[in-house]
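A short worksheet on the structure shown next.
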Amino acid sequence: MKRNESTADRIVRLVLAVAFAFGGYSTTGALSIVLYVLAIVMAVTAATGFCLLYKVFGIDTCKMAKGCEK
């Protein structure tokens, strides 16, 4: 998998993962499960630097950022 997320994009995803996890902890029921799943997806994409939806739509924020290593 070729990296397609810039460092700034990865930081935003990590912050969102924490926010979703906190939201999942604060709620109950189906909403809690959805928020936990979103948190996991955001954390995994932040850790790997690869987003499948970016690949499908041809988006590459890594190319747009200066100093982004592949």
ask   = What do you reckon, is residue 8 part of a helix (DSSP H, G or I) and either touching a Leu at 6+ places or on another chain (Cβ under 6 Å) or surrounded by fewer than 17 Cβ atoms within 10 Å (Cβ to Cβ) (or both)?
value = yes
message = Condition first: among the charged types (D, E, K, R) and surrounded by 16 or more Cβ atoms within 10 Å (Cβ to Cβ). Can you find one or more residues in region 40-55 that meet it?
response = no
query = Pairs under 8 Å by beta carbon, first residue open to solvent by 50 Å² or more (accessible area, probe 1.4 Å) in region 12-38, partner in a loop (DSSP other than H, G, I, E, B), six or more apart or different chains?
reply = none
key: Residue under evaluation residue 1, criteria (1) exposed (fewer than 12 other Cβ atoms within 10 Å of the Cβ); (2) in a helix (DSSP H, G or I), criterion not met   = (2)
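The values are calculated or read from the model by the stated rules, or taken from the named source; none is laboratory data. What you see is a predicted model, and the numbers here were worked out from it, not measured in a lab. A quick note on method: Cβ atoms are made from the backbone with ideal geometry, for glycine too, and the neighbour counts reach across all protein chains shown. Just so you know, the surface numbers come from the protein's heavy atoms only, side chains and all, with ligands and any DNA or RNA stripped out. Shrake-Rupley method; radii C 1.70, N 1.55, O 1.52, S 1.80 Å.
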